[in-house]
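The values are calculated or read from the model by the stated rules, or taken from the named source; none is laboratory data. What you see is a predicted model, and the numbers here were worked out from it, not measured in a lab. Neighbour counts run over all protein chains shown; Cβ positions are idealised from the backbone, glycine included.
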Amino acid sequence: MRKLGLIGGVGPESTVAYYLRICQGVRERMGFNFFPNLTIESKSCFDVMRMAEAGELDELAEYLLEAIRVLAGAGCEVAAIGCNTGHIVFDRVSARSPIPLVSIVEATCAAARSQGFKRPLLLGTKATVEKDFFKQALIACGMGVMRPPEAERAWLYRIINEELEMGIVRDETVERFGVLIADAAEHGADCVILGCTELPMLSDRLELPIPALDTLQIHIDALIDAVMAG
């Protein structure tokens, strides 16, 4: 079994979920009481979002590589960036990483393709929704990508920054999030990609009209596979 390294803090709420679900998932697959060896290197989600938005991609890649070098130095044999937005520089980081990396975008695209989805609604931070890295990966898998209207994108980005990253979930936010997805479903979306690892904090409180692809859980499953492949 390989030791896992996780870049966490991007943000903290989902880092907790990563840790708990990876530990429990490995134990369940092993069939007896066992928890995997892993190390978390915490960075700031706000630094990641700021650099991604500003197009400071070389700086962001180096910022994440610093964390991966720490993880490799701690004996980790495989690693991951615990957020979608940071994957805007995944190829740059992976090319220079001393250890293999598991991509949340690749895992999500594989899940969407395996389930036959053709027109996903992509939700997440401003960089995740408006830049090409996630959209192009979906298009390469034969899907047409829907995005929310600009006003809803701005609203969701504010909610991620000011509420979800702080562990705050408001009833009115959950309601508006549900309306956003319902509207996309009426306009032809056949699934919604929760392209921020904090978005399940909202979707878990709703009965959605279309299936949700939870990138957090999809990534966790892929990481468990990677850990146990060693």
With criteria (1) surrounded by fewer than 16 Cβ atoms within 10 Å (Cβ to Cβ); (2) more than 15 Å from the chain's Cα centre (by Cα), Val16 comes up short on (2)
Selection count where residues are in contact (Cβ under 8 Å) with a residue 12 or more places away in the chain and more than 12 Å from Leu123 (Cα to Cα), scope segment 160-177: 8
Report whether or not Leu38 is modelled with pLDDT of 95 or more and under 29 Å from Ile168 (Cα atoms). yes
Single match in Glu186, Glu152, Glu172 (criterion: among the acidic types (Asp, Glu), modelled with pLDDT of 95 or more and closer than 25 Å to Glu53 by Cβ): Glu152
Report yes if Phe90 is assigned to a helix (DSSP H, G or I) and aromatic (Phe, Trp, Tyr), otherwise no. yes
In this structure, is Glu165 assigned by TED's automatic domain parsing to the domain that holds Lys126, exposed (fewer than 14 other Cβ atoms within 10 Å of the Cβ) and outside any loop (DSSP other than H, G, I, E, B)? no
Checking Ala137 against (1) in a helix (DSSP H, G or I); (2) assigned by TED's automatic domain parsing to the domain that holds Ile68, only one condition comes out false. Which one? (2)
Test of understanding: among Leu202, Leu223, which residue is assigned by TED's automatic domain parsing to the domain that holds Thr85 and under 29 Å from Gln24 (Cα atoms)? Leu223
